[in-house]
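Q: Once you've had a glance at the structure underneath, I'll fire off some questions.
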Amino acid sequence: MISVLIVDDHPIVLEESKTFFGDNDILIETEQNATDVLSKMINTHFDVFLLDVNMAVQNGLSLAADIKAVQEQALIILYTGDDIQSYYPFIVDKKVDGILSKTSSREKVIQTIRSLVQGDLILSFDFINYIITKMQYNYNS
């Protein structure tokens, strides 16, 4: 069983998330308050953290850093309604392990979670192009 904590400050998103995953080998827990995640980690081990980027009290990027400070090997996926390409540097810097659009299909979300737990990373062509451009820029600088 893969345990996932979904953190989002919108209750309807959290409620729908439980339905979204349905019956499979992924056990979902949810948390609406980002500030409660670290205390929740004391009593419960999570394999993957799925964090909303834009939360009011504490954003997903800040929460990701806090989680990594407590559990360095934590697998963190950001999910956002924004353009995911603007978050690619956080993968390169290893502050997060994946980024998903909130419009991603159920299959893509599940595949991403399973791949991360198995030690694999799913890379989009956009991300590969980002890396190539970054490498060319660094080489030419």
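Q: With angles folded into 0 to 90 degrees, how steeply does helix 106-117 sit against the dominant principal axis of the chain? Use alpha carbons for both and round to 10.
A: Approximately 80 degrees, to the nearest 10.
Q: Also, I was wondering about something else. Once the other residues with Cβ under 15 Å from the Cβ of Asn54 are scored (Lys, Arg +1; Asp, Glu -1), what is the net sum?
A: Once positives and negatives cancel, what remains is -4.
Q: Once you've got the GNM for the chain with C-alpha springs shorter than 10 Å, pick whichever of Tyr87, Tyr79, Tyr130 has the biggest mean-square fluctuation.
A: Top of the fluctuation ranking is Tyr130.
Q: Next question, about the same structure. Over 23 Å apart: what share of the alpha carbon pairs of the range 2-140 falls there, rounded to a whole percent?
A: Across the range 2-140, Cα pairs with separations above 23 Å total 31 percent.
Q: State log₁₀ I(q)/I(0) for the range 59-141 at q = 0.17, 0.18, 0.24 Å⁻¹ as given by the Debye formula over alpha-carbon point scatterers of equal weight, solvent excluded.
A: The calculated log intensity ratios at q = 0.17, 0.18, 0.24 Å⁻¹ are -0.74, -0.82, -1.28.
Q: What is the helix-to-structure angle for 11-21, meaning the angle in degrees between its Cα long axis and the longest Cα principal axis of the chain, kept from 0 to 90 and rounded to the nearest 10?
A: With both axes taken from Cα atoms, the answer is about 80 degrees.
Q: Continuing with the same structure: Strictly over 21 Å apart at the Cα level, which of Lys18/Lys40; Lys40/Lys68; Lys94/Lys134 would you flag in this model?
A: Correct reply: none exceed it.
Q: Continuing with the same structure: Count the net charge of all other residues whose Cβ sits under 13 Å from the Cβ of Gln118, scoring Lys and Arg as +1 and Asp and Glu as -1.
A: Taking every Cβ under 13 Å from that of Gln118, the sum is -3.
Q: Just want to confirm a number: the relative contact order over the chain, from Cα pairs under 8 angstrom separated by 6+ residues, in percent.
A: Computed value for the chain: 20 percent relative contact order.
Q: Now, a different point. Calculate how steeply helix 125-140 sits against the longest principal axis of the alpha-carbon atoms of the chain, using the helix alpha-carbon long axis, and give the answer as 0 to 90 degrees to the nearest 10.
A: 40
Q: Once phi is turned into ³J(HN,Hα) by the Karplus curve 6.51 cos²θ - 1.76 cosθ + 1.60 with θ = phi - 60°, what whole-Hz value does each residue of the range 33-49 show in order, with x for glycine and proline?
A: Taking θ as phi minus 60°, the curve returns 9, 4, 5, 9, 5, 4, 5, 5, 5, 5, 9, 9, 8, 10, 6, 9, 10 Hz for the range 33-49.
Q: What is the projected area of the convex hull of the Cα atoms of the range 1-47, averaged over all directions, in nm²?
A: Result: a mean projected hull area of 3.1 nm².
Q: Picking from Ser39, Ser115, Ser101, which is most flexible by a Gaussian network model of the chain using Cα springs under 10 Å?
A: Ser39
Here, each number is a calculation from the coordinates, and none is a lab measurement. Not measured: the values here are computed from a predicted model. Here Cβ is always computed from backbone atoms with ideal geometry, including for glycine, and neighbour counts include all displayed protein chains.
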